[in-house]
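The values are calculated or read from the model by the stated rules, or taken from the named source; none is laboratory data. Here the structure is a predicted model, which means the values were calculated and not measured. Virtual Cβ from ideal backbone geometry, glycine too; neighbours counted across all protein chains shown. All accessible areas refer to the heavy atoms of the entire protein, side chains included, with ligands and DNA or RNA removed. Shrake-Rupley method; radii C 1.70, N 1.55, O 1.52, S 1.80 Å.
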Amino acid sequence: VQLVESGGGLVQAGGSLKLSCAASGSTFSIYAMGWYRQAPIPGSQRELVAATTSVGGNTDYADSVKGRFIISRDNAKNTMYLQMNSLKPEDTAVYYCYADEYGSSWEPLRSWGQGTRVTVSS
């Protein structure tokens, strides 16, 4: 699976952005997708922001974004989205999408996008 993110940019605090993650390849085998982010701070770790499952469409969010971010998928377009509202300066980060699938021996495989930068000014 190949993933390409788009939609990042500069926005003022309180504004909104919508990130997209377009998947190609063996998309039929994807069982989960989501978004991580990594702040531009030395030593910062990647933080799971939101995730969704292919079966059931279950979603999960980091406490820091609950009520502000919405993850969704358009299966017809093989695209996942992250609608980000009420953005805060602490949301500034590079956002990475990922997709989980099973390999030929049912081993779990994770693919990553290249990342898209989000900057929220105060």
Among Phe28, Phe69, what's the order by accessible area (1.4 angstrom probe), most exposed first?
-> Phe28, Phe69
May I ask you to list the lysines whose Cα is less than 28 Å away from that of Lys77, ignoring any residue fewer than eight positions away on the same chain?
-> Lys18, Lys66
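State whether the chain is rounded, prolate or oblate according to the following rule on the C-alpha gyration tensor (a ≥ b ≥ c being the square roots of its eigenvalues): a/c under 1.5 gives rounded; otherwise a/b larger than b/c gives prolate, and the remaining case gives oblate.
On the way: a/c = 1.97, a/b = 1.74, b/c = 1.13.
It comes out prolate by the Cα gyration axes.
Rolling a 1.4 Å sphere over the protein heavy atoms, what is the accessible area per residue of the chain, to the nearest Å²?
On the way: 6460 Å² over 122 residues.
It amounts to 53 Å² per residue over the chain.
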Restricting attention to the range 77-122, which trypsin sites (Lys or Arg not before Pro) occupy a DSSP loop and are surrounded by at most 15 other Cβ atoms within 10 Å?
-> Lys77
Any idea what the alpha-carbon Rg over 2.2 N^0.38 Å comes to for the range 1-68?
-> 1.27
